[in-house]
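Here is the structure we will look at.
The values are calculated or read from the model by the stated rules, or taken from the named source; none is laboratory data. Given the structure is predicted, the values throughout are model-derived calculations rather than measurements. FYI the Cβ positions are ideal-geometry reconstructions off the backbone, even for glycines, and counts take in every protein chain you see. We work out accessible area using only protein heavy atoms, side chains counted, and drop any ligands, DNA or RNA first. Shrake-Rupley method; radii C 1.70, N 1.55, O 1.52, S 1.80 Å.
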Amino acid sequence: MPPYISIGGYSDPPRMSHLSVEVNKGEIVVVTGPPGSGKSNLIKSMAGIRRFIRGSIRILGARAGTLRSRQGVVFVFQNWNFSPDLSVRIQLERKVGLYLGVPARAVRLTVDRWSEDLGLRDSLDFYPSQLNRSDLQLLSLAPLALGRPAVAVLDEPMANLSSVGVSMAMDLVLPVIGNGAVLALAQGRSPLVNRADRVLSLL
Amino acid sequence: MKGCNTYHFRESVSILLRTKWVGPYLLIPPMLAFMVYAEAFLAAHGAGGMAAFGNRMVLAVWNASFLLALVAGIKSCLFFSGCWGSDWFRNSMALPVSRSSGYWGPYLAVLTVSTAVFILTVGAVVAALPGTARFSMTHLIGQAYLPVAWAVSMGAFLGILTTGTGAAVFFSALLLLGFASGLPSISVPEWMLYLIPPLGRLMTRGMEYPQGLYVSIGLAGHAAFFSMLGRILYGAALRRR
């Protein structure tokens, strides 16, 4: 079986040493590095929204940036990816519906129950600017938890969370490994490092 | 994957239906009423140029077209610039949706909302004012719609090119120049006629055959050219370093 994620000779920014890594089904790989080392560039390159300098990236066998490389793949960005003009509920329902291939209204109950388990059911009807960073970070994991992705790529998913939030987020991230592969980008002290199959460093 | 090509359209419609985006359209009925009465007053006091339009209803339809093109164009510039320039939108391209839908989704959403307001406005004008036997109403309304569609296309192009305010100012100047250049009393250098949209010529000569047809095709071509140019710029901006 080909690797779920395959990165070969990637380098962006240019001063970064070349990164080559393969992530297979059932694996969690963490790439660590200090701020400015290129972690956010890497997730954007993988999502196809940044033109990288050198190397190749393939996700589920498809070249990064193509529609096929994004199907069944959840990217969680550091800044939550919420529009300021719509309620969190509308945005989560549409995103989860998109991954499951069903209309947004069909996942309303699922999203309700999931957020209730996190104690964030009441936050759904607010706009992102009305919520704190920790709640937004947890809620932004809904497509990961409910969308049944084959691959998850996460940029600092625990950065804004309290210790309780970290434990909740870990419970959301780890089940993905049973179904697919996880590549997380984090600073060295992230709790994900302790659960990783491999840890690579960007220097 | 179901809904993958309508995701950005639905997101954009939801945003556009918020008060801050729908609100400006509410300015159109009072502005239109003021223009219609002002023109009736001027015509009654010897402003003979108004007679060229046949009757008050035809003039009111063109006034509606001009006002709606102005509001829709400014709104387009602000909306597209804010939308395509934002981090959340750029990151949303990591979702399993086609890249093209990120451009055409918001574009069609603005066009749909503007078209709905155009239908309501022109419908109210046609219902309220006496008609004319000189022109085909369908022809008139079809031509009056073209500036609205042009405004959205130009808004999309300018919105991706520069900031919302800059785009809106440039758009307003282009719209005024486009309408003014077709008026008989205003002469512009011939070379400029190839650059500016033939909005005024459509208004004054749109009912003549075949000139009206050529002007309509010219304006539709202008709109299509700039919406495609916007799509190319959007593709380049999306994968910027």
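Observations, loosely collected:
- Global geometry of chain A, whether rounded, prolate or oblate, following the gyration tensor of its Cα atoms and the 1.5 cut on a/c: prolate
- Partner lysines whose Cα lies under 26 Å from the Cα of B:Lys20, excluding those fewer than 8 positions away in the same chain, are identified as A:Lys95, B:Lys75.
- GNM flexibility winner over chain B from B:Ala109, B:Ala180, B:Ala44 (Cα, springs under 10 Å): B:Ala44
- Model label sites at B:Asn5 and B:Asp87, defined 7 Å from Cα along the beta-carbon direction, differ in position by 3.2 nm.
- Calculated FRET efficiency for the pair A:Arg105/B:His139, C-beta based, R₀ 51 Å, to 0.05: 0.75
- Distance between modelled label sites at A:Phe126 and A:Met1, nm, 7 Å Cα→Cβ extension: 4.0 nm
- Cα principal axis extents for the range A:25-117, largest first, Å: 43, 30, 29
- Shielding by other protein chains, B:83-94, mean Cβ within 10 Å: 6
- Extended-chain gain in nm, criterion 0.36 nm per residue less alpha-carbon gap, A:Leu200 and A:Ile177: 6.5 nm
- Mean projected area (nm²) of the alpha-carbon convex hull when the protein assembly as shown is viewed from all directions: 24.6 nm²
- Zone of B:Ala127's modelled label, taken as backbone nitrogen in the range B:25-46 under 15 Å from a point 7 Å along Cα→Cβ: B:29
- Computed label-point distance, nm, for sites A:Ala159 and B:Leu193 using a 7 Å Cα→Cβ extension: 5.8 nm
- Accessible area of the range B:87-241 belonging to carbon and sulfur atoms, whole % at 1.4 Å probe: 71 percent
- Cα-based Rg and Dmax for chain B, where Dmax is the largest Cα-Cα distance (Å): 18.8, 64
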